[in-house]
Every structure is written in C-alpha cells, then in structure tokens.
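A.B. asks: Okay, handing you the structure first.
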Amino acid sequence: MSIPESPSSCDCFVSLPPASRSPVVVFAKNSDRPRTEVQEVVYYGAATHSPGSKVMCTYVEVEQAPKTLAIVLSRPAWLWGAEMGANEMGVCIGNEAVWTKEPVEERDALLGMDLVRLALERAHSAKAAVQVIADLLAQYGQGGSCKEEPQTFMYHNTYLLCDRLEAYVLETAGPFWAAERITEGSRNISNQLSIGTRIWQEHPQLRSHALAQGWWNGTEEFNFKIVYSLKTQPVRMEAAKARYRAGQELLHKQEGHVTAESMMQLLRNKESGICMDSGGFRTTSSMVSVLPRCPHLPCIHLLTATPDPSRSVFKPFVFGSRLTQVPWVMSPTFGENDPLRQIPRFQTQVDRRHELYKHHQRALEASEGSKDTEQNLKDKQNKMEAEHLSLINNLLSGTLTPDPSDLSDLFLVCVEKELALYKEEIN
C-alpha cells in the first residue's frame, strides 16, 4: 500500500448542548488541501429527476435519486463532490482522509468528497446520511485520486455528520465502516480512526473480516480504532494525533460556552496545527454552522471561500426561496478541456481562481511588509465579521425575524462587501 509522504490534514468539530452555550448544535471544519488549490462555494437548488437517470460524480456515474435537496458546498473547484457542506434540512457533513490496515485500491470509484455531496442531496437527517453513505459505499466503493496532479493521491475517509438534534462519526476502512452516535457534549475528528468500543452501527462483516485477517482474536472486546488502525503510523498521522488531542483540549476549555464565534477562533488556532500552513498544504477554506434546536429559527452556515481562516472573513449563508449562485465565489469551468476529463488526467494546469480568491490574495500580498498595513486590513476584516456575527445573534435570539426569502441574498451581499474591501486595499 502506497501512502504519500506529503502532509495532509483536516479537522472537524461539533458541539451539542450542554457543551454549546445556547440550545444549538455548532459544526466546524477546516479543509486542509494542496496550497495552490482553489475552493469554491456553490449552491444547488432542490430538484426532481426522471426515473432511471444517472449522475456523473468526479470519476464514476451513479444512479440518481428521484428527488434531491437544496445544498451549499465548499469544494475543491476541480471535482464534483465537497469537503464540507449543508442541506436545506439542517444536515452538515465534513470528511477527512484516513489510512488503515485495509489497502487503498488504485481504481476509479466514489471519492469521499462525492459521498459528502450525495448524502447531503439525499438525507433529511444526519442519521439518514450515515445510511446513504454506507449504502453507496457498498454499491460503488471508494477510490480515485484526490489531488489535481499526475501522481495519484488516494485515501479512505472518516466523516462527521450532524443536524439540529444529534451528530454521528462515520469511519471507513475500504468497504468496512463503523459509526458512533453523539447526543450531547462535543466531539472532533482528525486524520485517524477515533471510534473505539462505542459503536452504534457497523458493517455486517466488520468483525468477521478482522477475525479472518488476524487483526482481532474474537474474544477481546472489539475496539474499531485498535483493530483497524495501522500498527506503525506514518509521521503525518502522528501529527494528526497531536491535532486531535489539541482539538479535544480546546473544545474542553470551551465546554458550556461553545458558540459560532468560539468555533471560528478554534479553526484559526495555528499553534495546534488546526489552522494549517505546512509545506505544500494549507487550510484552503473553512466552515462553521449553527443549527438551532428550535425548528422555527434558521440554520446559519458561515463560509470563508478563501484560504487561511486567520486571514479570512466568515460570511453567513441561509437557505431561502430566492437563492441563486453567487458568481464571485464560483470558479470558471472548462468542460471537456478540463484536465480532469483528459486521459491521462492532470497533465496540464488551468486557472481555477474565482474573483473573491483573486482579490483576497492580492490584498494580502499588497499588505505584506508593513505591519501597519497588515493590521489595518485585519481590523477592517474583523469589523466586517463582527457585523455578520451581530446579525446572526439577532436571528438566533429571535429579535430579528425576517421572512426566509429576505435572507436569500445575505451571502451575496456579504461577499460583495468583502470584494469591495479588497479592491479598495489593492488600489
């Protein structure tokens, strides 16, 4: 089994009451990817599909569902699936790379990111999303290169899934999987197996396969993490252990006081490596979602669409009846000329930068070398984000009760204000 030497990492968090300050579920994820990769934020409305229709994912085609839900995704611009996202029912999902004793097959199949999108499109709850992924995994398998480069980069996946009421951790090793249910408190995942003996559901052959491979003797208590994890961990997975522990500690310190703002600050933590900038990888996009227990309050999703959350602005997105795609955070498309669609793949490079990405990077570059200029830009970003958080708090407290359709342009307006800020800084 070939495991690439490049560092790779992601961190995903969830807080449920009583860990959350108010009766809300808070989801958060940093997407750590190749540092030049562009991540876009895309919206797809609910749709009805004709019987027998199929949908082309990143590498393979699958049976389409009769109906799909409205979704918002933060995804690497070259592929079909997503690193993280949410649907109109308040389901949020993020995935992480993992390597286990089960070998990674070098074949085209569903990427873990494809499974994130498919589950969001099809599941009305986090529990249902676990089953969607398990069923698709059994039918189509997981595989395919996860990096936009000629050299293949493959892994299996773990997932953190949540809705307004509960959360689940789903971890895979090839076709095998185990799931843990979380009904209170906080939980995080990183690039390693973390489910031990608290298994809620599992693949029907999970234990018999381990027994046949000699990984488990059949008499000791079955511990998924111990049984399926590699005996000798690669260096980057040892680093993931440190991030996982740091994430646990940071969540523990916030216990009873977790909010959207505190989760945003957690994602910005560089000392722990959670906010990553190492070698060829960095945090390319981030997301925080607030899912109120009260069904009459809106779920609010905050997305950066730009790299490094410590130098980015979280912008609120709320599902509404008049939502349309925001063009400034959508990358250009290349059709059949896309290096993804050429065989052999990824022999050439194309410019996938969207407008917000371009101006964000230019503004940061223009401020470099002057502490006063850097601080001035940071202060303006902080002020903008504080306005977003004030609006969110008013929505969640019920002091502001607009018609949902009135929030349809919220993300668009926030993106345009941020874009205007960067244009001003560049000029």
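The values are calculated or read from the model by the stated rules, or taken from the named source; none is laboratory data. Model, not experiment: these values are computed from the prediction. We place every Cβ from the backbone using ideal geometry, glycine too, and count neighbours over all the protein chains shown. Surface areas here come from the heavy atoms of the whole protein model, side chains and all, with no ligands, DNA or RNA. Shrake-Rupley method; radii C 1.70, N 1.55, O 1.52, S 1.80 Å.
A.B. asks: Taking the stated definitions as given, is residue 320 outside any helix (DSSP H, G or I), out of contact with any Gly (no Cβ under 6 Å at 6 or more places or on another chain) and either open to solvent by less than 10 Å² (accessible area, probe 1.4 Å) or modelled with pLDDT under 95 (or both)?
C.D. replies: Yes, satisfied.
A.B. asks: Residues 285, 278, 289, 310: which one is crowded, with 24+ Cβ neighbours inside 10 Å and more than 17 Å from residue 15 (Cβ to Cβ)? First the steps, then the outcome.
C.D. replies: Values: 278 fails: crowded, with 24+ Cβ neighbours inside 10 Å; 289 fails: more than 17 Å from residue 15 (Cβ to Cβ); 310 fails: crowded, with 24+ Cβ neighbours inside 10 Å.
Criteria check complete, one pass: 285.
A.B. asks: Tell me whether segment 6-21 contains one or more residues that are basic (Lys, Arg) and closer than 23 Å to residue 267 by Cβ.
C.D. replies: Pass one, segment 6-21, residues basic (Lys, Arg): 21.
Then drop every residue that is not closer than 23 Å to residue 267 by Cβ, which leaves 21.
Yes, there is a match, as at least one residue in segment 6-21 is basic (Lys, Arg) and closer than 23 Å to residue 267 by Cβ.
A.B. asks: Next up: Within segment 254-271, how many residues are over 20 Å from residue 396 (Cα atoms) and either open to solvent by less than 30 Å² (accessible area, probe 1.4 Å) or within 16 Å of the chain's Cα centre (by Cα) (or both)?
C.D. replies: Looking only at that region, the number is 3.
A.B. asks: Further, regarding this structure: Kindly indicate whether any position in segment 186-193 is surrounded by 19 or more Cβ atoms within 10 Å (Cβ to Cβ), touching a helix residue (DSSP H, G or I) at 6+ places or on another chain (Cβ under 6 Å) and of a type in the set (Val, Ile, Thr).
C.D. replies: No.
A.B. asks: While we're on this one: Return the residue satisfying two criteria in turn: it lies in segment 319-363 and is free of Cβ contacts under 8 Å to residues at least 24 places away in the same chain and hydroxyl-bearing (Ser, Thr, Tyr), and of such residues it is farthest from residue 73 (Cα to Cα).
C.D. replies: 348
A.B. asks: Run residue 89 past the list (1) touching a residue at least 40 places away in the same chain (Cβ under 8 Å); (2) farther than 23 Å from residue 259 by Cα; (3) outside any strand (DSSP E or B); (4) among the hydrophobic types (A, V, I, L, M, F, W, C) and report the number of the one that doesn't hold.
C.D. replies: Unmet for residue 89, out of (1) touching a residue at least 40 places away in the same chain (Cβ under 8 Å); (2) farther than 23 Å from residue 259 by Cα; (3) outside any strand (DSSP E or B); (4) among the hydrophobic types (A, V, I, L, M, F, W, C): (2).
A.B. asks: What residue, among those in segment 81-132 that are open to solvent by 10 Å² or more (accessible area, probe 1.4 Å) and touching a helix residue (DSSP H, G or I) at 6+ places or on another chain (Cβ under 6 Å), is farthest from residue 352 (Cα to Cα)?
C.D. replies: Of everything passing the filter in segment 81-132, 101 is farthest from residue 352 (Cα to Cα).
A.B. asks: Of the numbered conditions (1) within 20 Å of residue 406 (Cα to Cα); (2) at pLDDT 95 or above; (3) touching a helix residue (DSSP H, G or I) at 6+ places or on another chain (Cβ under 7 Å), residue 303 satisfies every one except a single condition; which is it?
C.D. replies: Exception for residue 303: condition (3).
A.B. asks: Considering only segment 390-427, state which residues are without any contact (Cβ under 8 Å) to a residue 12 or more places away in the chain and of a type in the set (A, V, I, L, M, F, W, C).
C.D. replies: Matches in segment 390-427: 400, 413, 420.
A.B. asks: Suppose we filter segment 248-263 for residues that are over 23 Å from residue 194 (Cα atoms), assigned to a helix (DSSP H, G or I) and not small (Gly, Ala, Ser); how many remain?
C.D. replies: Total meeting the criteria: 1.
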